[in-house]
Amino acid sequence: MFLKEEKTTRDATYQDPHLIIHFQRQRVELDGATLTLTRKEYDLLAMLSQNAGEIVPRDVLLRQVWGYCEGIRTRTLDVHIRRLRKKLEPFSDRYIETIFGIGYRFQPFRPRTAPYEMQKRMAVSAIA
């Protein structure tokens with residue numbers, strides 16, 4: 001399920017209001033600026049975004065991005081996630097979610113809504 005090569009050729013890009021990933025050109029843009037990513041950072045982001053909304057387990061990422069065999073213990077993935085998040089700032093916390101003890105999930109960008117109390121006040125003031 002986690003290797004989606006056919007999706008890459010079918011869906012040549014991921015795009016939202018801030019992030020564009022051109023899979024065939026292996027190019028990433030954030031707010032119009034091209035990001036400089038290492039090969040592994042790009043592969044990691046591509047794999048996560050092609051599985052958007054799904055939790056991708058650590059061992060799957062290590063196996064498919066790095067070619068490690070199952071059971072390898074390494075901090076490589078965590079280091080690359082941290083570097084990738086830094087490059088995706090100020091939106092990094094909205095794109096890459098850590099699922100503790102399991103893996104990571106890419107979440108497509110969604111604008112944050114106002115807190116419930118603020119929405120309620122706005123609705124009441126609109127009626128008045």
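The values are calculated or read from the model by the stated rules, or taken from the named source; none is laboratory data. Everything numeric here is computed off the predicted structure, so don't read it as measured data. Cβ sites come from the backbone with ideal geometry, for glycine too, and all protein chains shown count toward neighbours.
Each row is one residue, and each column tells you yes or no for (1) touching a residue at least 24 places away in the same chain (Cβ under 8 Å); (2) buried (at least 19 other Cβ atoms within 10 Å of the Cβ).
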position: 21; (1), (2): yes, yes
position: 53; (1), (2): yes, no
position: 56; (1), (2): yes, yes
position: 62; (1), (2): no, yes
position: 68; (1), (2): no, no
position: 74; (1), (2): no, no
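Could you please let me know if residue 106 is within 12 Å of the chain's Cα centre (by Cα), modelled with pLDDT under 95, within 27 Å of residue 37 (Cα to Cα) and of a type in the set (Phe, Trp, Tyr)?
Numbers: within 12 Å of the chain's Cα centre (by Cα): yes; modelled with pLDDT under 95: no; within 27 Å of residue 37 (Cα to Cα): yes; of a type in the set (Phe, Trp, Tyr): yes.
In short, no.
Here residue 90 meets each of (1) surrounded by 12 or more Cβ atoms within 10 Å (Cβ to Cβ); (2) under 27 Å from residue 12 (Cβ atoms) with one exception, condition (1). Among the residues of the stretch 27-42, is there at least one that is of a type in the set (D, E, K, R), free of Cβ contacts under 8 Å to residues at least 24 places away in the same chain and part of a strand (DSSP E or B)? Yes, the stretch 27-42 contains at least one residue that is of a type in the set (D, E, K, R), free of Cβ contacts under 8 Å to residues at least 24 places away in the same chain and part of a strand (DSSP E or B). Summed over the stretch 43-56, the residues that are within 16 Å of residue 13 (Cβ to Cβ) and in a helix (DSSP H, G or I) give a count of 6. Restricting attention to the stretch 31-75, the residues that are under 18 Å from residue 106 (Cα atoms) and of a type in the set (S, T, N, Q) total 4.
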